1. Students often get this wrong: which residues of the stretch 235-264 have the backbone nitrogen under 16 Å from the point 7 angstrom along Cα-to-C-beta of GLU206?
2. Once the Cα atoms of helix 2-34 and of the chain are each reduced to a long axis, what angle between those two axes, in degrees from 0 to 90 to the nearest 10, is obtained?
3. Quick one: check the C-alpha center-to-center distance for the stretch 106-137 versus the stretch 48-85, whole angstrom.
4. With a point put 7 Å past each Cα toward its Cβ, work out how far LEU119 is from ALA225 in nm, to one decimal.
5. Would you kindly derive the ³J(HN,Hα) couplings of the stretch 73-78 from the backbone phi angles with the Karplus curve 6.51 cos²θ - 1.76 cosθ + 1.60 (θ = phi - 60°), listing them in order in whole Hz, with x for Gly and Pro?
6. If you stretched the chain out fully between GLU172 and LEU112, how much longer would it get, using 0.36 nm times the residue separation minus the C-alpha to C-alpha distance?
7. Could you work out how much longer the chain between ASP239 and ASP72 gets when fully extended? Use 0.36 nm per residue separation minus the Cα distance between them, nm to one decimal.
8. Working from Cα positions, state the angle (0 to 90°, nearest 10) between the long axis of helix 191-201 and the longest principal axis of the chain.
Amino acid sequence: MAYYATSLIVALVLLLAANTSFGGLPVLMSLLARDHRLPHLFGLRAERPVYRCGVTALALLAAVLLIAVDADTHRLIPLFAIGVFIGFTLSQAGLVRHWATQKPAGWKRRALINGTGALLTTLAGLILLTTKFLEGAWVVVIAVPLLMLLFARIQRYYTAVGDELELGRIPEPPDRRTASLVIVPLGEVSKLARHAVSAALALGDEVVAVAVQADPAKTQALQDAWERWNPGVRLDIIDSPHHSLVQPIVDYVQRAAQDGRQIAVPIPEVEPLHRRYEILQNQRGLLLATVLRARTDVVVCMLPYRLCV
């Protein structure tokens, strides 16, 4: 009976320890993200007050560790113990600095207590590190400097981005409005085409629809349908004998952007009512948007058309 009771207590303690990690580390990662030492996405919170990205990253790292040690948790004990003592040392040293900076009443006694604690946890951590070095403690020796290097590189990147964007400084007046061109990629005359052209007419001064065709018969049919519809927008049909869709439109946009005009490319995209049908829709619009963003400086936006089925 005592064995089962002890096992249950140990399981509850481990459960609380795991919950502490999932409750504390995502918050710590959000603080590091706020200080520009981790990607800013770790500072984003979901609808519930949870740092979802931090929780996901912690779960993935825990899974990687379990796979690396072949689910033998005894091999993780040195890492756990050293991590605990490092945390205790940092917190005690931080309190010593706090007391020495603020200097409230009785601060010397408090600083002495915390300093003694920091010294003892440092010694315990060093002893564990040396005695358990070959049993897995070497991971800490490699991981901690790499993490510090990673934090420094991320902060350096954010600092460089802030300097280039002149964050915190008043920018120059905006450029005067220039003539704009809205290019609408289309496949055929349909309600989706009407939705896209209507949105494009509200966005810019000049609108042109672009279609890519490889079959002369389909090209003629599209021209006839466009003339019958007569939306008041020019239609340019690009011949693509190799049945390529994305590259001809990218080349067209690049040529149009050579005169310095502001160009926008709204890409119509069908969104089904139920997510299970998304796999049935082609992803050409997403692919086109990705290539345009990578190869041009035009404004690219997805224009959703939500189905009722």
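1. 235-237, 252-264
2. Its long axis makes an angle of about 50 degrees.
3. 23 Å
4. 8.5 nm
5. 5, 4, 6, 8, 4, x
6. 16.2 nm
7. 53.9 nm
8. Once rounded, one gets 80 degrees.
Where a number appears in this text, it was derived from the coordinates with a stated rule and is not lab data. On a predicted model such as this, the values are computed, not experimentally measured, just so you know. So basically every Cβ, Gly included, is an ideal-geometry build from the backbone, and we count neighbours across all protein chains shown.
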